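Notes follow the structure.
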Amino acid sequence: MDLGGRVAWVVGASSGIGAAVARELAARGARVAVSARRADRLASVAEGRMLVAPADVTDRAQVHAAAARVEAELGPPDLVLLCAGHWQQMPAGTWDADSFERHLQVNLVGMSNGIDAVLPGMVARGRGVIAGVASVAGYRGLPGAEAYGATKAAQINLLESLRLSVRRSGVHVTTICPGFVRTEMTEVNEFPMPFLVEPDEAARAICDGLERDRNEIVFPTRMAVLMKLARFVPAGAWARVLASRR
Ligand SMILES: NC(=O)c1ccc[n+]([C@@H]2O[C@H](COP(=O)([O-])OP(=O)(O)OC[C@H]3O[C@@H](n4cnc5c(N)ncnc54)[C@H](OP(=O)(O)O)[C@@H]3O)[C@@H](O)[C@H]2O)c1
């Protein structure tokens, strides 16, 4: 996909990866709309060059209203990047059911609401790209990531299933799995974050992958290789490798 002149809607664009991708898309010539809850932060990302359409992804009506604004003001979206996300470490040895539900609402229901708002139009037009930001954390269980990792694994499966379901409609689905990126989400982490990259580097990797019509964009390369290989490690060996983490 040549990004020049395309209508791109980035959901979860008020900070971090989504904000950096919105800027990168604009730099590559796309006409960009940005959504998230914090309207002031969206406005500073937009710098007057993007459409600001605030929405809470957990509220389906708000997501549909934002999608309608994008279509009315910029035209039907060629690309929708679903990037909104929530992360909170599960406390060791206990269970936080409220936190679990919040992850489900933002990461999973939020992604579903975004797809719901744009897929019928894309299928009717016979074109469009839905790109969902999951995580390499969805590849394997990690200590403290019981809620986050479960939703990221579900997103990976959801996006792959959707890709297969819509493959004859002209709609393309891309699964994006970043490793660690320095954002507001990760600044609270007290554990080591190997191969950490900056949001700008993440945005370039994502836009390069979108331009190449990738099914999957996984970065940085060393983390991609590590976590893809990790899927083949037997459960007992994986537990021993991570025993020192907590
Ligand atoms: N950073 C990493 O290392 C990393 C690695 C792998 C995957 N990811 C994924 O990348 C995505 C972006 O994360 P990030 O690292 O860039 O973190 P971030 O800077 O905290 O960005 C999270 C974004 O999600 C939005 N968001 C959260 N809850 C929302 C809601 N209810 N409705 C609408 N928007 C909401 C936030 O905006 P508002 O608060 O303004 O609503 C913000 O724009 C997430 O899906 C995350 O899981 C991150």
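The values are calculated or read from the model by the stated rules, or taken from the named source; none is laboratory data. Note that the coordinates shown come from a computational prediction; the quantities given were computed from them, not determined experimentally. No Cβ is skipped: glycine too gets one built from the backbone with ideal geometry, and neighbour counts run over all protein chains shown. For accessibility, only protein heavy atoms count, side chains too; no ligands or nucleic acids. Shrake-Rupley method; radii C 1.70, N 1.55, O 1.52, S 1.80 Å.
Distance in nm between label sites at Arg125 and Ser165, each 7 Å beyond Cα in the beta-carbon direction?
According to this spin-label approximation, the distance is 2.0 nm.
Ranked highest first by the average count of other Cβ atoms within 10 Å around their residues, in what order do 80-88, 1-9 fall?
Descending mean neighbour count gives 80-88, 1-9.
So what's the chain giving for Cα Rg divided by 2.2 N^0.38 Å, two decimals?
0.98
In sequence order, what are the phi-derived ³J(HN,Hα) couplings for region 129-136 according to the Karplus relation 6.51 cos²θ - 1.76 cosθ + 1.60 with θ = phi - 60°, rounded to whole Hz, with x for glycine and proline?
Listing the rounded values in order: 10, 10, 10, x, 8, 9, 5, 5 Hz.
Can you tell me the FRET efficiency between Leu242 and Asp59 if r is taken as the Cβ-Cβ distance and R0 is 35 Å, rounded to the nearest 0.05?
Once the sixth-power term is evaluated, E becomes 0.45.
Tell me, what is the per residue accessible area of region 7-245 in Å², probe radius 1.4 Å?
Normalised by residue count, the accessible surface of region 7-245 is 46 Å².
Sequence gap at least 6, Cα distance under 8 Å: using those rules, report the relative contact order of the chain to the nearest whole percent.
19 percent
For the chain, which DSSP H helices look membrane-span-like by this rule: Cα extent along the axis of 24 Å or more and mean Kyte-Doolittle of at least -0.5?
Going by DSSP H runs, the hits are 146-165.
Which residues in region 202-239 have a backbone N closer than 11 Å to a point placed 7 Å from the Cα of Arg49 along the Cα-to-Cβ line?
none
What are the extents of the Cα atoms of region 120-238 along their three principal axes, in Å, largest first?
Here the Cα extents, ordered largest to smallest, are 46, 33, 23 Å.
Residue by residue through region 92-97, which ³J(HN,Hα) values in whole Hz follow from phi under the Karplus form 6.51 cos²θ - 1.76 cosθ + 1.60 (θ = phi - 60°), with glycine and proline marked x?
Here the 3J(HN,Hα) series is 4, x, 10, 10, 10, 5 Hz.
Amide H of Leu51: which non-local residues (sequence gap of 5 or more, or other chain) have their own amide H closer than 5 Å, using H built in the peptide plane?
Val32, Ala33, Val34
Compute the length gained on full extension between Phe195 and Arg37: take 0.36 nm times their separation in residues and subtract their Cα-Cα distance, giving the result in nm to one decimal.
53.9 nm
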